[in-house]
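Asks: My questions will all concern the structure given below.
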Amino acid sequence: MSIWFTEKQTANFGITMRVKQTLHTEQTEFQKLDMIETEEWGNMLLLDDMVMTSVRDEFVYHEMVAHIPLFTHPHPEEILVVGGGDGGVIREVLKHPSVKKATLVDIDGKVIEYSKKFLPEIAGKLDDPRVEVKVDDGFMHIANSENEYDVIMVDSTEPVGPAVNLFTKGFYAGIAKALKEDGLFVAQSDNPWFKGDLIRNVQKDVREIFPVTRLYLANIPTYPSGLWAFTIGSKKYDPLAIPADRFHDIETKYYTKELHQAAFVLPKFVQDLVKKA
Ligand code: SAM
């Protein structure tokens, strides 16, 4: 008898996949955590019945969160990842030799623990000497930081539960304070098909704080709608104005220097979401 997992992406639409086995399931202090082995996507982390990452398609999201900002900043050394307990963004960050220290702040230590156990391909660099892992609320960490980071990446869950504060103007103002005077940040910003209002509001809030504000897209088949958005806010450097010699060779499976530019070319309905109101 086949087992299937379905993520309800809206009240009327979802994604369903055949499951080989459930590897672990528990209710943590913050969320329902499931690790499942799927036929199509390999091992997969679910939080509150939402797909977080899978062994087969994780590289798209983690490369696009990390390499766009890290090639935009001319000398990224001090990095902060808010959320990201599966370790995928950290793995990509460490491919940049300029990075001296990468701090990860995830509110749920169980995500880190079980990602190390069941997603070693993704979480394998969390013990690197350049990485400091903290189990804490990213909102409070940002509130207590000032002029510390070159690049901040917000790799959080959806704006519900523990992550609800991570999509507010107050959080983005805190990020601006936590960044150095020429710093920049990227935040995963959900999808334009089902969360257009969220994207519009985040762009408006970030644009009021950061002189350079842009949106870029990537194809992530296991995420709602398969079209995923990322917001970049920068105090100085523009991701579309990078000298050609900035790009050094790194091992990727999705990101390329050509895609770095193309990802910012938006379909008309997405342009309409982000244009100045
Ligand atoms: N790539 C996924 C996405 O785009 O939905 C996110 C994956 S990552 C596992 C999401 C992480 O955000 C989780 O581990 C969760 O514990 C963490 N998180 C949620 N709220 C947080 C908060 N306030 N502070 C720090 N981490 C938080």
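The values are calculated or read from the model by the stated rules, or taken from the named source; none is laboratory data. All values derive from a computational prediction rather than experimental measurement. Methodologically, a virtual Cβ is constructed for each residue, glycine included, from the backbone with ideal geometry; neighbour enumeration extends over all protein chains shown. In case anyone asks, the SASA skips ligands and DNA or RNA and just uses the protein heavy atoms, side chains included. Shrake-Rupley method; radii C 1.70, N 1.55, O 1.52, S 1.80 Å.
Every residue, every condition in (1) surrounded by 17 or more Cβ atoms within 10 Å (Cβ to Cβ); (2) in contact (Cβ under 8 Å) with a residue 24 or more places away in the chain; (3) of a type in the set (Phe, Trp, Tyr), yes or no:
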position	(1), (2), (3)
Thr16	no, no, no
Gln27	no, no, no
Leu33	yes, yes, no
Asp49	no, yes, no
Phe59	yes, yes, yes
Glu63	yes, yes, no
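Asks: For segment 77-99, give me each residue that is within 16 Å of the ligand (Cβ to nearest atom) and part of a loop (DSSP other than H, G, I, E, B).
Replies: Scanning segment 77-99 gives Gly84, Gly85, Asp86, Gly87.
Asks: Let me ask something additional. If I ask for residues that are part of a loop (DSSP other than H, G, I, E, B) and either within 22 Å of the chain's Cα centre (by Cα) or not assigned by TED's automatic domain parsing to the domain that holds Met153 (or both), which ones from segment 232-241 would you list? Spell out how you get there, then give the answer.
Replies: Restricting attention to segment 232-241, the residues satisfying the condition of being part of a loop (DSSP other than H, G, I, E, B) are 235-241.
Listed by number, the residues that qualify are Lys235, Lys236, Tyr237, Asp238, Pro239, Leu240.
Asks: Give me the pairs: first residue in segment 260-271 and among the aromatic types (Phe, Trp, Tyr), second residue open to solvent by less than 20 Å² (accessible area, probe 1.4 Å), beta-carbon distance under 6 Å, and six or more apart or on different chains, which are they?
Replies: Going by the 6 Å Cβ cut-off, the qualifying pairs are Phe264/Tyr216.
Asks: Would you be able to say whether some residue in segment 42-61 is acidic (Asp, Glu), in contact with an Asp or Glu (Cβ under 7 Å, 6 or more places away or on another chain) and not assigned by TED's automatic domain parsing to the domain that holds Ala102?
Replies: Of the residues in segment 42-61, the ones acidic (Asp, Glu) are 48-49, 57-58.
With in contact with an Asp or Glu (Cβ under 7 Å, 6 or more places away or on another chain) added as a condition, the list becomes 49.
Cutting the leftovers down to not assigned by TED's automatic domain parsing to the domain that holds Ala102 gives us 49.
Yes, some residue in segment 42-61 is acidic (Asp, Glu), in contact with an Asp or Glu (Cβ under 7 Å, 6 or more places away or on another chain) and not assigned by TED's automatic domain parsing to the domain that holds Ala102.
Asks: Which residue out of Pro69, Pro159, Pro74, Pro129 is closer than 28 Å to Asp238 by Cβ, part of a loop (DSSP other than H, G, I, E, B), away from the ligand (no atom under 11 Å from the Cβ) and not basic (Lys, Arg)?
Replies: After applying the criteria, what remains is Pro74.
Asks: Residues of segment 161-181 being open to solvent by less than 10 Å² (accessible area, probe 1.4 Å) and in contact with a Lys or Arg (Cβ under 9 Å, 6 or more places away or on another chain), which ones?
Replies: Leu179, the sole residue that qualifies.
Asks: Here is a check on your reading of the model: is Val55 more than 24 Å from Trp193 (Cα to Cα) and in contact with a Ser or Thr (Cβ under 7 Å, 6 or more places away or on another chain)?
Replies: no
Asks: For segment 187-225, enumerate the residues that are part of a loop (DSSP other than H, G, I, E, B), under 22 Å from Thr256 (Cβ atoms) and open to solvent by 10 Å² or more (accessible area, probe 1.4 Å).
Replies: Pro221, Tyr223
Asks: Considering segment 150-168 alone, what residues qualify as being touching a His at 6+ places or on another chain (Cβ under 6 Å) and free of Cβ contacts under 8 Å to residues at least 40 places away in the same chain?
Replies: Passing the criteria: none in range.
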